[in-house]
Amino acid sequence: MNVAINTVAVIGSGTMGAGIAEVAAAAGQQVLLHDISADALSRAVAAMRQRLEDRVARGRLSADDAGRMLARIVPVADLAALAAADLVIEAAAENLEIKKTLFSRLGEICPPRTLLTSNTSSISVTAIAAGVKHPERVAGVHFFNPAPVMKLVEVVSGMATSAEVVEQLCQCVARWGKQPVRCQSTPGFIVNRVARPFYAEAWRALEEQVAPPEAIDAALREAGRFPMGPLALTDLIGQDVNFAVTCSVFNAFWQERRFLPSLLQQELVLAGRFGKKSGHGVYRWPQGAPEVALAAAADDACAAARVTQNRDVVTHAVWIELDEVVLAVTTGETAQAMSARLQRPVVLMDHSEGDLVAVAAAAGNRPGETQKAVRYLQQQGKRVLVVADYPGLLVWRTVAMLVNEALDALQKGVASEADINTAMRLGVNYPRGPLQWGEQLGWQRVLQLLENLQRHYGEERYRPCSLLRQRALLESSYES
């Protein structure tokens with residue numbers, strides 16, 4: 001099957017549907033925009049006209065180009081008119097039964113050469129295609145919001161989707177200026193699956209009262225270099241929307257514990273505290289997250305500590321000795337557990353790629369001992385965020401869980417390593433792909449941290465996937 005894609009039909013004139021129609025029209029395609037509501041169609045076209053006029057006013061688009069784009073978008077009330085389309089993109093309600101009914105009708109209306117696709121973010125493409133005539137032409141094309149801005153498109157294969165159709169769709173979205181990644185139909189596809197730990201670990205830290213929400217967000221944003229903190233991001237997405245996606249992935253994976261939804265997030269949803277759109281979520285809006293309380297400048301008397309290096313005979317990690325105080329990067333133990341093992345005061349550091357670093361002290365430390373570590377880090381130009389003693393701290397355990405989930409997706413054939421990294425960089429703007437991160441930090445270190453978390457909690461949630469174990473063994477053999 002090789003179809004010249006000249007006319008594109010978009011079903012659904014909401015935010016995503018209108019955005020996809022705009023993308024296709026900007027690339028020179030004739031677009032048929034369909035909605036069951038004539039009023040919704042009128043509002044969508046009026047909103048699109050306003051957005052284009054704003055771009056013209058800002059000098060980002062010529063008036064002639066804006067006029068041509070709008071002329072290419074033709075509102076159609078009758079579904080039968082979509083028979084003229086070479087490619088149909090459905091962006092209607094996220095409901096399997098609605099989609100199955102719609103695609104069954106499209107299979108009757110559209111000739112066999114028409115490619116039928118869904119912009120679904122979580123529903124099985126295999127299930128959507130079941131019962132459709134010529135199911136090999138059915139695929140997913142998952143755009144990210146806002147579609148005219150975001151570069152990523154997940155091109156999703158169902159069980160029956162042909163390789164030729166996937167190749168055509170990838171070429172098509174690339175011509176539209178987007179970056180396609182290929183993946184198999186699996187719960188959450190790439191981005192919504194691999195990203196779950198980013199939110200889940202933040203909710204767990206908040207539930208366990210490790211730090212206030214603004215501190216958790218600051219650590220992930222400023223030390224981890226994520227574009228937004230996870231809790232602020234769920235407020236922006238909408239707590240109801242983010243919670244629904246988490247529940248969908250959790251249930252689709254037969255309640256796999258690493259996707260367990262947060263009871264605290266559920267409470268926010270039940271209270272109607274949906275985030276920015278309701279004026280209150282984790283934070284009150286429009287002001288958002290308050291200032292973060294950092295450690296005060298340590299007493300200059302701490303500056304006289306003798307600084308040496310040593311190595312942990314158990315974890316093999318190098319630590320810094322400040323007189324009797326051990327300052328080390330977390331390996332997934334609590335500071336108290338390490339202190340009990342070494343019979344010394346311990347302060348643990350989180351992973352940091354910025355000037356902010358989170359630290360946790362053993363409960364048995366005297367104040368002056370912890371202050372030695374704070375002072376040392378401040379002398380290195382770091383702003384110090386002190387949190388409760390928490391295994392793996394905030395950034396390290398989040399990154400380790402992202403790496404683990406990405407490796408699990410890779411091992412199960414969801415997508416290639418390159419496409420997983422690209423999807424997470426472009427789809428959610430992570431500073432690097434999770435598999436690139438794992439290689440940089442070291443597979444053995446990621447494995448050790450997860451094993452320590454699993455030992456601490458006694459939970460399947462932190463079980464390292466077998467591909468992580470394989471990569472850690474290979475890394476070990478290269479080093480020996």
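Of the lysine pairs in the chain, how many meet both conditions: Cα atoms under 23 Å apart, and a spacing of 8 or more in sequence or different chains?
Values: LYS99/LYS133; LYS100/LYS133; LYS151/LYS178; LYS372/LYS382.
Number of lysine pairs found: 4.
Figure the gain on full extension for CYS247 and LYS151 (residue separation times 0.36 nm, minus the Cα-Cα span) and round it to one decimal in nm. Walk me through the intermediate numbers first.
Working: separation 96, 0.36 × 96 = 34.56 nm, distance 2.65 nm.
Stretched out fully, the CYS247 to LYS151 stretch lengthens by 31.9 nm.
Does the range 396-479 come out rounded, prolate or oblate, given a ≥ b ≥ c as the square roots of the eigenvalues of its C-alpha gyration tensor, rounded meaning a/c under 1.5 and, failing that, prolate meaning a/b above b/c? Intermediate results must be reported in sequence, preceding the final value.
Numbers: a/c = 1.66, a/b = 1.35, b/c = 1.23.
Prolate shape, in that a/c is at least 1.5 and a/b is the bigger ratio.
Where does each of CYS183, CYS247, CYS465 land when they are ranked from fewest to most other beta-carbon atoms within 10 angstrom?
Values: CYS183 26, CYS247 16, CYS465 21.
Arranged by neighbour count, lowest to highest, CYS183, CYS247, CYS465 become CYS247, CYS465, CYS183.
Alpha carbons only, please: Rg and Dmax for the range 7-185, in angstrom.
15.4, 48
Answer rounded, prolate or oblate for the range 192-270, using the Cα gyration tensor with square roots of eigenvalues a ≥ b ≥ c: rounded when a/c is under 1.5, else prolate when a/b is larger than b/c, else oblate.
On the way: a/c = 1.68, a/b = 1.54, b/c = 1.10.
Here the range 192-270 falls in the prolate category.
Given the C-alpha centroids of the range 160-183 and the range 11-42, what is the distance between them in whole angstrom?
Going from one Cα centre to the other spans 20 Å.
What does the convex hull of the Cα atoms come to per residue for the chain, in Å³?
On the way: hull volume 76.5 nm³, N = 480.
Once divided by residue count, the hull of the chain is 159 Å³.
Over the chain, what is the percentage of antiparallel beta bridges among all DSSP beta bridges, to the nearest 5?
Values: 18 of 52 bridges.
Here the share of antiparallel DSSP bridges comes out near 35 percent.
With both partners inside the range 7-185, how many of the DSSP beta bridges are antiparallel, as a percent to the nearest 5? Numbers along the way, then the final one.
Working: 5 of 31 bridges.
Percent antiparallel among DSSP bridges in the range 7-185 is about 15.
Here, each number is a calculation from the coordinates, and none is a lab measurement. The model shown is predicted, which means the values in this text are computed figures rather than measured ones. Glycine gets a Cβ as well: all are built from the backbone with ideal geometry, and neighbour counts include every protein chain shown.
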